[in-house]
Structure formats: structure tokens, C-alpha cells
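What follows is a short report on a single structure.
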Amino acid sequence: MIGLIYFLVIVLANAVGAVSGMGGGVLIKPIFDFIGAHSVAAISFYSATAVFTMSIVSTARQLASGWKINWSIALWVSGGAVLGGVLGNVAFERLLLVFRDDKMVQLIQILVTVLTLLFAFLYTKYNWRGFALEKVGWYAACGLILGFLASLLGIGGGPINVSLLMLLFAMPIKEATIYSICTIFFSQLAKILTIAFSTGFGAYDLQILWFVIPAAIVGGLLGAKASNVLSPQRVTLVFQTVIVLVLLINLYNGYQLL
């Protein structure tokens, strides 16, 4: 039963995540926390797997539909995201060791997620002017920050991806979503590999992946198709709507933990 619930959540979350460039984890993580069927570490792993799968499907679909990617930007941002993803997972494991309490780690994740949600909403709401930075060092630094937060929070990409890309490099929102999904791919790959070579997957119920991976594929395909149809204004509306929804879910989850 829980597998079917996870399947439905991931399909919807990844479809919306692929359109908005957030990745589905920004919805999957708090909803799975709310359901409460697995530990915080297991939820982060399932979320990372779902978002990683979605990023592969969505990027492949976007390229097939004719989107042009500046591979120099993609590789520098993604390279930073790989290192950030490793560091974020190390920080996450350290928090679990220090606090030895899933609730405290969840509260920290929720607090940081809420702060990134507020930043993303205010940025798109008030259309702050971008800096139009061009140095490769800025691309790598941006990827490092995004990869770290994605891995630490267990949300894959999150709202800050698109907003920070738009702010630093003055990208239109639809272009920012493409590079956001690329970043998500590398940060979550780094997280999964870090788990594989450190703690391993023995602590997780891998049977759940039979629901997680197919759902992520379906959601990624639906989201990529919708992204090609929707205007930038519609994408912004989807982005802001998801932010408000996830903000409410996180605030409720945080209240329940207090």
C-alpha cells in the first residue's frame, strides 16, 4: 500500500518538478515526512533516487525536443554540484551522528528549506535584477552551493536552483530550469555514490525502488512534455504555486515535530 502511495506522489511531484526546474524532491521529501512510513535517512535516499531518475528522463526529452544547452555552463555548474553533493551528504550523515535524533535533523532540514523557499518566492515575485556573471568560477561556485543544499536537504534540487541561476546569470526562467535539472542530475548522482561507498544500501528497503523508479520515469516524461508547451509566464506561475504549497507542508511538518 505504501509503495502505491509513494508511486502516485512521485509521479505528480516529478511532473511538476520537471516543469518548474525544482526537481520533485521539494515535494516528495516533505510529503514522505508527513506520511512517516520510513526514517529520515531512507526518505532522503528514496527522494534522491526519484529525482536522479527524473533528471535523466527530463534532460533526454528536452534535448530530443530541440533545446540547445551551453555545455560549458552545464559542465561547470554540474562539476560544482558533484562536489557540493558529496559535501552535502557528508554534512547530513554528520548531523545524524551528532544529534542521534531524526526529529532534530528534520527540523534543521525544514528550517533551511523554508528559508530557500522564501528567497525563491520573493525573487520571482519581485523580479530582482540578475547580475549577468560570466566567469567559470561563478558557475562552479553556484553549482557547489546548489549541490550541497540539494544533498543536505534531501530535496534533489529545490526552489533555490532556478532562482539562484536567474539571479547570478540573468537567465530566463525556462533556460534556468534546464540547467537546474542538469545540476540535479550530478548532485544526486554524487549523493547516491557517496551512500554506496560509505554506509551502503543495506539499511534501506530496496523493494520500494520498484515503485520509486518507474514513477520517476513517468513523472519526468510528463513534466518535460508540459515544459515544452507552457509559456515562461505559466512556468513562473507553476513555480510560485509549488513554492507556496511546499512552504505550507514544511511549516505543518515543523509544527508537528515541536
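Sort largest first and round to whole Å: the equivalent ellipsoid semi-axes of region 1-257, each the square root of five times a Cα gyration tensor eigenvalue.
Result for region 1-257: semi-axes of 26, 19, 18 Å.
Just to confirm a number: summing +1 for Lys and Arg and -1 for Asp and Glu over residues other than Asn253 whose beta-carbon lies under 15 angstrom from that of Asn253, what do you get? Kindly include the intermediate steps, with their values, before the conclusion.
Values: positive: Lys29, Lys103; negative: Asp33, Asp102.
Taking every Cβ under 15 Å from that of Asn253, the sum is 0.
Whole angstrom only: what separates the Cα centroid of region 202-232 from the Cα centroid of region 8-53?
Here the answer is 9 Å between Cα centres.
Can you list the lysines whose alpha carbon is less than 25 Å from that of Lys68, not counting same-chain residues fewer than 8 positions off?
Lys135, Lys174, Lys225
Okay, helix-only estimate at 222 nm for the chain: each DSSP H run of n ≥ 4 adds -39500 (n - 2.57), divide by all residues, round to 500 deg cm²/dmol; what do you get?
Rounded to the nearest 500, it is -28000 deg cm²/dmol.
Which residue, Tyr126, Ile10, Phe92, has the largest displacement toward the positive end of the dipole of the chain when charges sit on each Cβ (Lys, Arg +1; Asp, Glu -1)?
Farthest towards the positive pole: Tyr126.
If you count only protein heavy atoms with a 1.4 Å probe, what accessible area per residue comes out for the chain, rounded to a whole Å²?
Averaged over the residues of the chain, the accessible area is 44 Å².
As I understand it, the value is the acute angle between the Cα axis of helix 232-257 and the longest principal axis of the Cα atoms of the chain; what does it come to in degrees, rounded to 10?
Rounded to the nearest ten degrees, it is 20.
What are the chymotrypsin sites (Phe, Trp or Tyr not before Pro) within region 174-213 that DSSP puts in a loop, where the Cβ has at most 13 other Cβ atoms within 10 Å?
Here the chymotrypsin sites (Phe, Trp or Tyr not before Pro) that fit, given the DSSP loop and packing criteria, are Phe201.
To the nearest 10 degrees, how steeply does helix 102-126 sit against the main Cα axis of the chain, on a 0 to 90 scale?
20
In a GNM of the chain with a 10 Å cut-off on Cα contacts, which of Ser47, Ser55, Ser198 has the highest mean-square fluctuation?
Top of the fluctuation ranking is Ser198.
Mean-square fluctuation check for the chain, GNM, Cα pairs under 10 Å: which of Gly219, Gly79, Gly36 is largest?
Gly36
The values are calculated or read from the model by the stated rules, or taken from the named source; none is laboratory data. Note that the coordinates shown come from a computational prediction; the quantities given were computed from them, not determined experimentally. Glycine gets a Cβ as well: all are built from the backbone with ideal geometry, and neighbour counts include every protein chain shown. Note: accessible area is taken over every heavy atom of the protein model, side chains too, but ligands, DNA and RNA are not part of it. Shrake-Rupley method; radii C 1.70, N 1.55, O 1.52, S 1.80 Å.
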